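We did not get these values from a lab; they are worked out from the coordinates using the rules stated. Keep in mind the model is a prediction, meaning the values are calculated, not measured. When we count neighbours, we look across all protein chains shown, and the Cβ atoms used for this are built from the backbone with ideal geometry, even at glycine.
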Amino acid sequence: MQFTLHNARLVDAGQDRINTTITINDSRIHTVNHSEQSQTSAEANNAVRQIDATDMIVTPGFIEVHTHGGGGYNLHTTDEEEIQKYIQWIPSTGVTSFLVTVVGIPGAVPEAQLQTAVEAIRHARLGAEPVGIFLEGPYIDEKKRGAHQIPWLRHPDEQETARILELTQGELRLITIAPELAGAATMMRQLLDAGVTVSIGHTDATYEQAQESIQQGITHMTHCFNAMRPLLHRDPGPLAAVAQAPHVRGELIADGVHVHPAMMDLLITKILGPQRTVIVTDALAGAGIENAEFEFAGQIAKVICGAARLSDGTITGSVLTMKGALLNVLKYTQVSLQEAVGMLSLNPAKSIKLDTRKGLIQPGYDADLLLFDKELNLQATICRGKVTFATDAWNERLAGL
């Protein structure tokens, strides 16, 4: 189906322009025209569905590369149906693409969870697109494990790496590794050769060890500041090494709890810059649910003072949504809306090598779009040309799409 959004303010990482007309043809963006151009091409044809988007802000759909679930659903699961329900729920938070995050299990590789993730990706229903798998651990440092249990942790092994690649059937896009572990360099090379983005995280690596891992091919950092050796004046640690490597991007959990707002601002405006910061939620199943008590890989968690915590008080992921993350970034940091949108769309697309079809509003890109009102309240989500979430008012306008 072909339709147009007329007179919108278009905001993505490359432009912030008013009076824009966007034509969607099936699952792709067909044309993008501005002001005087807007009525000159095919979208002016009366046969094309016309939708007035005056006073609306249209952005690319958000891409979530680090989430464990939300809406009551877990992504680390052996129940494919649970992931399918998440696929249908998550567009209500502004997410149009995401990675299925898998963590560890006691004493083994999480084979069943990885296989379930592959099946869910291959059989995905209408909703946000599961574009691959993120394996957070189990190859992480015990000293910086956070909420990951000790029995989950493993040491890098060539045969085990080959098995993971076999299980994931080309769907593994991102993995966190602590590079100081014995055998990590060999594992990283195997994964890089297979096209997987390798992330440094849950690590006690020194500055020098982190530099070496970047030279070996690491291009991403898992939740900057959290679960890693801190940034100190005589012991700069891994974050300093990442900051000095202009091709490496770093995640930021933008809930204002995992990282103090002042440090959020420093990371975005001084350390990495908005072109290298990837906003994530690290959300758990309780995200989007009031006063939730829920499970994270067999551990009971609940919301305390805006954060998800285990029974011993350990912070474990967040209950943040991406639409909430956008507002937090604008509230706590000195960035423009255009820069903020880029950190939730184009930057994650670049990290997982999807930026040739996602993260921008350009002809040929996937028709993954969000419609916000002037107060940045999400009004509708379009995933690959199909409406997957809309408020009551916009449900009427978009009926049939």
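Here are the numbers:
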item	result
Fluctuation leader among THR168, THR23, THR186 - the chain, Gaussian network, Cα springs under 10 angstrom	THR186
Residue with peak Gaussian network fluctuation, the chain [Cα springs, cutoff 10 Å], from ALA285, ALA128, ALA227	ALA227
Distance (nanometres) between label positions extended 7 Å along Cα→Cβ at GLU111 and GLU166	0.9 nm
Point-charge dipole on Cβ atoms (K/R +1, D/E -1) for segment 62-351, about Cα centre, debye to 20	760 debye
Cβ crowding within 10 Å averaged over residues, with 256-263, 228-235 ranked highest first	256-263, 228-235
Model label zone, LEU126; criterion: amide N under 19 Å from point 7 Å along Cα-to-beta-carbon; scope segment 370-391	370-371, 379-391
For segment 293-330 versus segment 143-157, the gap between their alpha-carbon centres in whole angstrom	20 Å
Trypsin sites (Lys or Arg not before Pro) within segment 311-393: DSSP coil, no more than 11 neighbouring Cβ in 10 Å	LYS374
Full-stretch length increase - GLN215, GLN275 - with 0.36 nm per residue and alpha-carbon distance subtracted	19.5 nm
Pair-distance profile P(r), taking every C-alpha pair of segment 266-401, with 10 angstrom steps and integer %	11, 31, 35, 20, 2, 0
Relative contact order (percent, whole number), the chain, Cα cutoff 8 Å, 6+ residue spacing	20 percent
Packing rank of 52-64, 337-349, where each peptide gets the mean count of other beta carbons within 10 Å, highest leading	337-349, 52-64
Entries of LYS302/LYS323; LYS331/LYS386; LYS302/LYS386 with Cα pairs more than 27 Å apart	LYS331/LYS386; LYS302/LYS386
Residue-span extension gain [GLN334 to GLU375] - 0.36 nm each, minus C-alpha spacing	13.0 nm
Equivalent-ellipsoid semi-axes of segment 62-351, from the Cα gyration tensor, Å, largest first	24, 24, 18
